[in-house]
């Protein structure tokens, strides 16, 4: 009985080892990092175009880069996406203006707009923001900005300019999955500086 079991399991192990040595294209963690991470941002007011971001990561530099793309939702462009941005760093929160004539996005924390074909990039605001939303008529924006509220180590000890430690003297230094950094998000609504 032992001989039969051994004879039946031996080919299985040989086949497993053979499959592992013959699989140079197997999915590895390194190959996972080479894949682009896709994030849908918005669909045009007429429903014909979707704008999305694709992030690629450089493991050696420990940095990521996100560029924006657009694609026709009805497949009229043959399913071929158009690259809209190609800058160092990330472009985030892409959204169509309510009139559908331009695409707005955040680059370096500042609000930018571009034409639908990816040309004519122009900075719209100098305000540092973490997110935004147009009013229905497109004349105003609501934005989110971090406001410094608590003192940092450098504020408490100006003679320690290179200090990177945190002074924690209370219980709320961490809440669930986020660390308290002394800044808190707030929203504001200025008039949009451009009318183009």
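Throughout, read-outs are computed from the coordinates displayed, never taken from laboratory work. The structure displayed is predicted, hence computed values, not measured ones. Using ideal geometry, Cβ is built from the backbone for each residue, glycine included, and neighbour counts are taken over all protein chains shown.
Got a sec? How would 157, 121 order by Cβ neighbour count within 10 Å, fewest to most? The partial results should precede the final answer.
Values: 157 13, 121 16.
So the residues, fewest neighbours to most, are 157, 121.
Compute the Cα gyration tensor for region 58-128, then decide on rounded, prolate or oblate, letting a ≥ b ≥ c be the square roots of its eigenvalues: rounded whenever a/c is under 1.5, prolate when a/b is larger than b/c in the other cases, and oblate in all that remain. List each step's numbers first, then the result.
On the way: a/c = 2.54, a/b = 1.16, b/c = 2.18.
It comes out oblate by the Cα gyration axes.
Which distance in nm do the two modelled labels at residue 60 and residue 162 give, with both placed 7 Å along the Cα-to-Cβ direction?
2.8 nm
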